[in-house]
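*Asks:* Here it is, the structure, as structure tokens.
The values are calculated or read from the model by the stated rules, or taken from the named source; none is laboratory data. This structure is a prediction, so every number in the text was calculated from the model and none was measured. Note that we place each Cβ from the backbone using ideal geometry, even for glycine, and neighbour counts take in every protein chain shown.
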Amino acid sequence: MANASRPVQKRIDPSKVPARNGRSGRPGGQPPRVVVKKATFGDWVGGARLRTLPLAIAPVALGTASAYLISSPGWHWVRALLALAVALCLQIGVNYANDYSDGVRGTDRYRVGPSRLTGSGAAKPRAVLVVALVFFGLAGIAGLILTVLTGYYWLLAVGAVCIVVAYFYTGGKRPYGYYGLGEVFVFVFFGLVATAGTTFTQVGTVNIESWLSGVAAGFLACAVLMVNNLRDLEQDRLAKKRTLAVLVGNRAARILFTIFTVIPFVILAFFSIFYDKAPFVYFTLLAAVPAIVITLTGKTPPEFILALKLTSLTALIFGLGLGAAVAF
């Protein structure tokens, strides 16, 4: 009789219970869906990293001005513009190639700077790679035309090396940018090769002005790379990306940035002795000094991004200003 007083419990099939408010039957409902917005035209333009383009413009301006000093017919505008096309296309190409390589490698998952096309999932890796290769191809076409105009066909080998170096900065199985060699190659190719190469393709020789201004442009390019890597120092360490900033440490990297930024102004003293208008280029310190102060004291990514912009501006004004002082 005691058992008869107990309520009878009916077994309910969970599969037949309707979900509440359109949710699944699991506790807490369905996990949130991550929706990745597809890359817009503006995102693709941002992927070109326009703030780095002064590193391509400055050496061409300096090399062209140096060529003008020893050019009997005057300016070689067509060759100068072709050299600029090569430099700009290589710079944009390497920016997209870095976006692709860091994205597929997983390095950008720790990134604190502006989002990347590949790492954010906004664009397919293959599409980013294709865009990088298109710009490398455009650089190759401009370089081929320039080579035909000069008649120095061995320059094709130099151009091929430039493209290979640009891609393997972060691409391939052993990218040299992951082993602290980024600044070395930036100095050589975005400083010496870009400046002296511009001069040589116009007049068939290279003078002391071209070499010295190439050194200045190279160090400013190194400064831009260093402050960029300072911003991502901790994230690169987590991703095992051993940039020079990671290898030498936070304090030493800040000091190196300062040295890289100051050396061009030391070189400027040489030009000031022989060219009356060269001292006016020291007004570029109005951008360089704040960049140094921010880099030495900065703690947050926005501060380093501002320092990067100021350093790029320094490179642009320095290159155009010194080029004008030498030529005019």
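*Asks:* For segment 126-140, which residues satisfy the criterion of being within 16 Å of Ala39 (Cβ to Cβ) and crowded, with 19+ Cβ neighbours inside 10 Å?
*Replies:* Those that are within 16 Å of Ala39 (Cβ to Cβ) and crowded, with 19+ Cβ neighbours inside 10 Å: Val128, Leu129, Val131, Ala132.
*Asks:* Any idea which of Arg126, Arg105 is touching a Lys or Arg at 6+ places or on another chain (Cβ under 9 Å) and either over 19 Å from Gly319 (Cβ atoms) or polar (S, T, N, Q) (or both)? Step through it out loud before you land on a result.
*Replies:* Numbers: Arg126 fails: touching a Lys or Arg at 6+ places or on another chain (Cβ under 9 Å).
Selected residue: Arg105, the only one of Arg126, Arg105 that is touching a Lys or Arg at 6+ places or on another chain (Cβ under 9 Å) and either over 19 Å from Gly319 (Cβ atoms) or polar (S, T, N, Q) (or both).
*Asks:* Tell me which residues, restricted to segment 158-180, are within 21 Å of Gly106 (Cβ to Cβ) and surrounded by 13 or more Cβ atoms within 10 Å (Cβ to Cβ). Give the derivation first.
*Replies:* Our first condition is that a residue be within 21 Å of Gly106 (Cβ to Cβ); within segment 158-180, this holds for 167-180.
Residues satisfying the conditions are Tyr167, Phe168, Tyr169, Thr170, Gly171, Pro175, Tyr176, Gly177, Tyr178, Tyr179, Gly180.
*Asks:* Same structure, new question: Does Lys241 meet the test of being surrounded by fewer than 19 Cβ atoms within 10 Å (Cβ to Cβ) and among the basic types (Lys, Arg)? Give the derivation first.
*Replies:* On the way: surrounded by fewer than 19 Cβ atoms within 10 Å (Cβ to Cβ): no; among the basic types (Lys, Arg): yes.
No.
*Asks:* Here is a list: Ala278, Ala269, Ala287. Which entry is under 20 Å from Leu55 (Cβ atoms) and modelled with pLDDT of 95 or more? Outline the logic, then answer.
*Replies:* Numbers: Ala278 fails: under 20 Å from Leu55 (Cβ atoms); Ala269 fails: under 20 Å from Leu55 (Cβ atoms).
The unique qualifying residue is Ala287.
*Asks:* Report whether or not Val206 is in contact with a helix residue (DSSP H, G or I) (Cβ under 8 Å, 6 or more places away or on another chain), over 26 Å from Ala142 (Cβ atoms) and either touching a residue at least 12 places away in the same chain (Cβ under 8 Å) or not in a helix (DSSP H, G or I) (or both). Please lay out each step first, then the result.
*Replies:* Working: in contact with a helix residue (DSSP H, G or I) (Cβ under 8 Å, 6 or more places away or on another chain): yes; over 26 Å from Ala142 (Cβ atoms): no; either touching a residue at least 12 places away in the same chain (Cβ under 8 Å) or not in a helix (DSSP H, G or I) (or both): yes.
Against the criterion (in contact with a helix residue (DSSP H, G or I) (Cβ under 8 Å, 6 or more places away or on another chain), over 26 Å from Ala142 (Cβ atoms) and either touching a residue at least 12 places away in the same chain (Cβ under 8 Å) or not in a helix (DSSP H, G or I) (or both)), Val206 does not qualify.
*Asks:* For a quick check of your reading of the model, give me the residue pairs whose first member lies in segment 29-51 and is over 14 Å from Val131 (Cα atoms), whose second is in a helix (DSSP H, G or I) and at pLDDT below 55, with beta-carbon atoms closer than 6 Å and at least 6 apart or on different chains.
*Replies:* none
*Asks:* Find the residue count for segment 58-83, including only residues that are under 21 Å from Leu212 (Cα atoms) and surrounded by fewer than 19 Cβ atoms within 10 Å (Cβ to Cβ).
*Replies:* 4
*Asks:* Scan segment 294-313 and tell me whether some residue there is under 23 Å from Thr199 (Cα atoms) and in contact with a Phe, Trp or Tyr (Cβ under 9 Å, 6 or more places away or on another chain).
*Replies:* Scanning segment 294-313, I find no residue that is under 23 Å from Thr199 (Cα atoms) and in contact with a Phe, Trp or Tyr (Cβ under 9 Å, 6 or more places away or on another chain), so the answer is no.
*Asks:* Name every residue in segment 226-256 that is out of contact with any Cys (no Cβ under 9 Å at 6 or more places or on another chain), part of a helix (DSSP H, G or I) and either under 30 Å from Ile273 (Cα atoms) or among the β-branched types (Val, Ile, Thr) (or both), in order of residue number.
*Replies:* Those that are out of contact with any Cys (no Cβ under 9 Å at 6 or more places or on another chain), part of a helix (DSSP H, G or I) and either under 30 Å from Ile273 (Cα atoms) or among the β-branched types (Val, Ile, Thr) (or both): Val227, Val246, Val248, Ile255.
*Asks:* Of Leu138, Leu129, Leu155, Leu144, which residue is free of Cβ contacts under 8 Å to residues at least 60 places away in the same chain and under 25 Å from Thr107 (Cβ atoms)?
*Replies:* Values: Leu138 fails: under 25 Å from Thr107 (Cβ atoms); Leu155 fails: under 25 Å from Thr107 (Cβ atoms); Leu144 fails: under 25 Å from Thr107 (Cβ atoms).
None of the others qualify; the one that does is Leu129.
*Asks:* Report whether or not Ile267 is surrounded by fewer than 24 Cβ atoms within 10 Å (Cβ to Cβ) and touching a Phe, Trp or Tyr at 6+ places or on another chain (Cβ under 9 Å).
*Replies:* yes
Here is a yes/no grid of residues against (1) among the aromatic types (Phe, Trp, Tyr); (2) farther than 24 Å from Leu149 by Cα:
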| residue | (1), (2) |
| --- | --- |
| Cys162 | no, no |
| Pro175 | no, yes |
| Phe200 | yes, no |
| Val203 | no, no |
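*Asks:* Take Phe260 and decide whether it is buried (at least 18 other Cβ atoms within 10 Å of the Cβ), hydrophobic (A, V, I, L, M, F, W, C) and at pLDDT 95 or above. Working first, answer last.
*Replies:* Working: buried (at least 18 other Cβ atoms within 10 Å of the Cβ): yes; hydrophobic (A, V, I, L, M, F, W, C): yes; at pLDDT 95 or above: yes.
For Phe260, the condition - buried (at least 18 other Cβ atoms within 10 Å of the Cβ), hydrophobic (A, V, I, L, M, F, W, C) and at pLDDT 95 or above - is met.
*Asks:* Return the only residue of Ala315, Ala324, Ala307, Ala288 being in contact (Cβ under 8 Å) with a residue 24 or more places away in the chain and either surrounded by fewer than 17 Cβ atoms within 10 Å (Cβ to Cβ) or not in a helix (DSSP H, G or I) (or both).
*Replies:* Working: Ala315 fails: either surrounded by fewer than 17 Cβ atoms within 10 Å (Cβ to Cβ) or not in a helix (DSSP H, G or I) (or both); Ala307 fails: either surrounded by fewer than 17 Cβ atoms within 10 Å (Cβ to Cβ) or not in a helix (DSSP H, G or I) (or both); Ala288 fails: either surrounded by fewer than 17 Cβ atoms within 10 Å (Cβ to Cβ) or not in a helix (DSSP H, G or I) (or both).
Result: Ala324 is the single residue among Ala315, Ala324, Ala307, Ala288 that is in contact (Cβ under 8 Å) with a residue 24 or more places away in the chain and either surrounded by fewer than 17 Cβ atoms within 10 Å (Cβ to Cβ) or not in a helix (DSSP H, G or I) (or both).
*Asks:* While we're here: Being among the β-branched types (Val, Ile, Thr) and modelled with pLDDT under 95 is true for just one of Val188, Val165. Which residue is that? Before you say what the answer is, go through the steps one by one.
*Replies:* Numbers: Val188 fails: modelled with pLDDT under 95.
Step by step, each of Val188, Val165 is checked, and only Val165 is among the β-branched types (Val, Ile, Thr) and modelled with pLDDT under 95.
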